[in-house]
Amino acid sequence: MRTTPGVVLVGMIAAGGMVGIGLLSADRAVARELPAAAATRPLDQGPQVRPASEAGIGRLISLAGARDLRGKAAPRAALRGPQGLVVALLSSSCPVSKRLAPALGRQEAAYSRRGVSFVYVAPIAADTGDSLRDLARTAGLRGPILRDETHRLCADLGVTSTTEVLLADGARTLVYRGAVSDQYGPTWSLEQARRNYLADAIEALLAGTAPSVAATTAPGCTLSPRVAGRTAAPPGRGAPTYHARISRIVQAHCGECHRKGGLAPFALETLPDVTAHAAMIERVVEQGRMPPWFAAPPPPGKPSLWANDRTLPAADRADLLAWLRGPRPAGSPDDAPLPRRFDPSWLAGKPDVTFQIPEPVAVQADGTMAYVSREVETGFTEDRWVRAIEVAPTDRSVVHHVLVFVRAPGTGGRVNELRDELSGFFGIYVPGNSTLVYPPGFAKKIPAGSRLRFQIHYTPNGKATTDQTRLGLQFTSGPPEHEVRVAGIANLRLAIPAGAPDHPEQAALPVPAEAKLLGFLPHMHLRGKAARFEVVAADGTRRVLLDVPRYDFNWQLYYRLAEPVTVHPGSRIEFTGRFDNSAGNPANPDPGKLVRWGAQTYDEMLLGYVEYYTEGNAGPALRPGLGLRPAGGLGEGQGLEALFRRFDRDGNGKITAAELPNAALFRRLDADGDGAVTLEETRTRLPGLRRDP
């Protein structure tokens, strides 16, 4: 029985390559490959974040059969410490490896006192035993050095460089792969490291949490192509077993939701759990419905663009389906992973402060409910910088989504919900996303004296209940290097014809100054079919940022870029949505209806969010982007007056409730409550819309 958590660390580099992006055509039938701005990842580039799924995070690693510098089998005890094991590649002839060795020695000295052991793997045949021992003495490395001249260990671990490291827990489950730090590389040397990836990952593991960065590249000396084998492959070549292989696949790709107290309807934490639901698991994996991820895949052999890519790797998918369809061997319990630990209340860890809506909201048993809006005073007397945000409903079963907005002092007492939506969210809870956790150097700002507004969409599920949603925040110790901002892109005048099977709508966000994009969140309702973000340069050149060829309202995912994308002044970000308002859409509430903007799910939205930052926080914020033209070309006018004329069908200078069937939007615009909306009221209520020239 395993009673003590542990750590394993192994060092290596990830392969680089061209980034390809699939572009969705209007009929969904044609895709072409476009080069990314940073199409290659040269060795003189610092460590870059990699998707965890590409790095084999969650797999079982093995050092079975390893031999030391004298050719003797390494004792089993040396390969597993009381709190885990660190294994790092080592080369006495690679200058980058030699420069990083003292840092490894210092970390070994610090973490060995906390029960973490270190082991080193030497894959370069020309490195003599004497030179390796001399390097170890100079750098203070005390752990055993394993010789891997045949590259068998490196192939099993997926090693391609002398500097990459892997970190696994005490059950040999991989939790981090990448660089030790960003201090040294083939063409650079810093006075101090800016990011200590390895130390941060070990600290997180010992604290019982997941590393904020699970995988990076690790620039160093490239090894022979023969070494570039599998990514942390399981030991042995036989059929996969539950304890050694399948449990880790399920834990890594399903465990966050399919656990006791999780979002999923049933847990998949034990062999009986998985066996009982085997037929359903096989079906949704085969169909590509699980794990939920809808971004277009990269071209074969190219890395994913997304740091939070949930795609089930091909090897994992093949092994899982083979096990489900076969005799389902259990294997040895000694190979089982450590159970994942979740705080019962907070996925992102214990918050520094929590806020809760003042009173429980009564949620009816059936029917529909208008959006609920509640405000909470922060009581902050100084600006606060937030590195982690988590929205936690007390009854998740009836909460479809929550948006939290910061209302800074001076924004007025009356709530303008549409303005909040367009200006960008602060915190968010949607199917598939409840936390926002930013890496060191990044944070969101809450100005002193601000209030928090919760906008909650409840979906009754047949049983009357109550909910009192909470918000948890974790702070930084001071202002960050980069302030994270959010901008909204919306088309308020969308009009989806009755019966249309593939109707496009579009909105655009102008870029006034250079900005670096961090991620995207597309939002549509039940008729949403596909979504795409593009950047259009000043010269008209287009580049796809995010392509979602199969949008699913039930899973509104946030897509976080592995590397920020820079957009330049004079360009614009376009958000295009395609809608299926036909009878062929089984979720369509009314195929015979002309559908316009509205808050309820039987209405529609085209609302995309862009997370970004500017260098030195000096650039202006991106103003809300608006849908002022149809996707096919420019319409008559592109500003607020044009939008007003569109709805003022009789041309009398007023919009009535009959002319604007979205009742919630009409109430927002009708400032004086006289039953008619004037152009001046529209200017007041929609401040983000620019006027026509």
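The values are calculated or read from the model by the stated rules, or taken from the named source; none is laboratory data. Note that the coordinates shown come from a computational prediction; the quantities given were computed from them, not determined experimentally. Because the Cβ atoms are built from the backbone with ideal geometry, glycine has one as well, and the counts that use them run over all protein chains shown.
For segment 649-690, which positions are under 21 Å from Ala490 (Cα atoms), outside any helix (DSSP H, G or I) and at pLDDT below 70?
Those that are under 21 Å from Ala490 (Cα atoms), outside any helix (DSSP H, G or I) and at pLDDT below 70: Pro661, Asn662, Leu686, Pro687, Gly688, Leu689, Arg690.
Among the residues that make up segment 45-62, is at least one of them in a strand (DSSP E or B) and within 18 Å of Val159 (Cβ to Cβ)?
Scanning segment 45-62 turns up at least one residue that is in a strand (DSSP E or B) and within 18 Å of Val159 (Cβ to Cβ).
Residues in segment 71-83 that are farther than 20 Å from Thr163 by Cα and either in contact (Cβ under 8 Å) with a residue 24 or more places away in the chain or in a helix (DSSP H, G or I) (or both): how many?
Total satisfying the criteria: 9.
Is it the case that some residue within segment 451-470 is modelled with pLDDT of 95 or more and surrounded by fewer than 16 Cβ atoms within 10 Å (Cβ to Cβ)?
So far as segment 451-470 goes, yes, one or more of its residues are modelled with pLDDT of 95 or more and surrounded by fewer than 16 Cβ atoms within 10 Å (Cβ to Cβ).
Could you run through segment 273-307 and say how many residues are under 22 Å from the mean Cα position of the chain (by Cα), in contact (Cβ under 8 Å) with a residue 12 or more places away in the chain and either part of a helix (DSSP H, G or I) or buried (at least 18 other Cβ atoms within 10 Å of the Cβ) (or both)?
13
Taking segment 243-272 on its own, how many of its residues are closer than 19 Å to Ser332 by Cβ and outside any loop (DSSP other than H, G, I, E, B)?
Qualifying residue count, segment 243-272: 11.
Would you call Gly129 crowded, with 21+ Cβ neighbours inside 10 Å, out of contact with any helix residue (DSSP H, G or I) (no Cβ under 8 Å at 6 or more places or on another chain) and not charged (D, E, K, R)?
no
Give Ala330, Ala388, Ala348, Ala362 a once-over and let me know the one that is closer than 20 Å to Arg248 by Cα and either of a type in the set (A, V, I, L, M) or surrounded by 16 or more Cβ atoms within 10 Å (Cβ to Cβ) (or both).
One residue alone meets the criteria, Ala330.
What residue, among those in segment 400-415 that are touching a Pro at 6+ places or on another chain (Cβ under 8 Å) and either modelled with pLDDT of 90 or more or assigned to a loop (DSSP other than H, G, I, E, B) (or both), is surrounded by the fewest Cβ atoms within 10 Å (Cβ to Cβ)?
Taking the candidates together, the pick is Pro409.
Of the residues Gly540, Gly472, Gly462, Gly499, which is at positive phi, touching a Ser or Thr at 6+ places or on another chain (Cβ under 7 Å) and outside the structural domain of Ala307 (by TED's automatic domain parsing)?
So the residue among Gly540, Gly472, Gly462, Gly499 that is at positive phi, touching a Ser or Thr at 6+ places or on another chain (Cβ under 7 Å) and outside the structural domain of Ala307 (by TED's automatic domain parsing) is Gly499.
Need the failing condition index for Ala508 against (1) over 17 Å from Asp603 (Cα atoms); (2) crowded, with 22+ Cβ neighbours inside 10 Å; (3) aliphatic (A, V, I, L, M), just the number.
(2)
Considering only segment 517-547, state which residues are farther than 18 Å from Phe294 by Cβ and crowded, with 17+ Cβ neighbours inside 10 Å.
Leu517, Leu518, Val535, Val536, Arg543, listed by residue number.
Working only within segment 428-457, note down all residues that are farther than 16 Å from Tyr609 by Cα, in a strand (DSSP E or B) and either among the β-branched types (Val, Ile, Thr) or touching a Pro at 6+ places or on another chain (Cβ under 6 Å) (or both).
Of everything in segment 428-457, those that are farther than 16 Å from Tyr609 by Cα, in a strand (DSSP E or B) and either among the β-branched types (Val, Ile, Thr) or touching a Pro at 6+ places or on another chain (Cβ under 6 Å) (or both) turn out to be Val437, Phe442, Ala443, Ile446, Ile456.
For segment 575-593, what are the residues that are among the charged types (D, E, K, R) and modelled with pLDDT of 95 or more?
Across segment 575-593, the qualifying residues are Arg578, Asp580.
Would you confirm whether or not segment 597-613 contains a residue that is part of a helix (DSSP H, G or I) and either at pLDDT 65 or above or in contact with a strand residue (DSSP E or B) (Cβ under 7 Å, 6 or more places away or on another chain) (or both)?
no
Could you tell me whether Phe425 is assigned to a loop (DSSP other than H, G, I, E, B) and crowded, with 21+ Cβ neighbours inside 10 Å?
Here the answer is yes, as Phe425 does meet what is asked.
What are the pairs, 6+ residues apart or on separate chains, where a residue within segment 197-213 that is touching a residue at least 40 places away in the same chain (Cβ under 8 Å) has its Cβ under 6 Å from a residue that is surrounded by fewer than 19 Cβ atoms within 10 Å (Cβ to Cβ)?
Taking only residues 6 or more apart or on different chains, the pairs are Gly208/Arg341; Thr209/Gly349; Ser212/Pro439.
If the Cβ limit is 6 Å and pairs must be 6+ apart or interchain, which residue in segment 548-565 that is part of a loop (DSSP other than H, G, I, E, B) pairs with which residue that is of a type in the set (S, T, N, Q) and surrounded by fewer than 19 Cβ atoms within 10 Å (Cβ to Cβ)?
Tyr558/Asn433
Would you mind listing the strands (runs of 3 or more DSSP E) fully within segment 111-216 where at least 2 residues are over 29 Å from the mean Cα position of the chain (by Cα) and farther than 25 Å from Pro440 by Cα?
Hits in segment 111-216: 117-122, 145-147.
Taking the conditions exactly as written (surrounded by 22 or more Cβ atoms within 10 Å (Cβ to Cβ) and under 14 Å from Cys221 (Cβ atoms)), does Ala122 satisfy them or not?
yes
Of all residues in segment 72-111, which are in contact with a Lys or Arg (Cβ under 9 Å, 6 or more places away or on another chain), under 30 Å from Gly185 (Cα atoms) and surrounded by fewer than 17 Cβ atoms within 10 Å (Cβ to Cβ)?
Once the filter is applied, which keeps residues that are in contact with a Lys or Arg (Cβ under 9 Å, 6 or more places away or on another chain), under 30 Å from Gly185 (Cα atoms) and surrounded by fewer than 17 Cβ atoms within 10 Å (Cβ to Cβ), segment 72-111 yields only Ala109.
With the condition kept exactly as written, say whether any residue in segment 632-648 is modelled with pLDDT of 80 or more, over 35 Å from the mean Cα position of the chain (by Cα), crowded, with 16+ Cβ neighbours inside 10 Å and among the hydrophobic types (A, V, I, L, M, F, W, C).
Among the residues of segment 632-648, not one is modelled with pLDDT of 80 or more, over 35 Å from the mean Cα position of the chain (by Cα), crowded, with 16+ Cβ neighbours inside 10 Å and among the hydrophobic types (A, V, I, L, M, F, W, C), which makes the answer no.
If you scan segment 328-383, which residues turn out to be closer than 28 Å to Glu282 by Cβ and part of a loop (DSSP other than H, G, I, E, B)?
Arg328, Pro329, Ala330, Gly331, Ser332, Ala336, Pro337, Leu338, Pro339, Arg340, Phe342, Leu347
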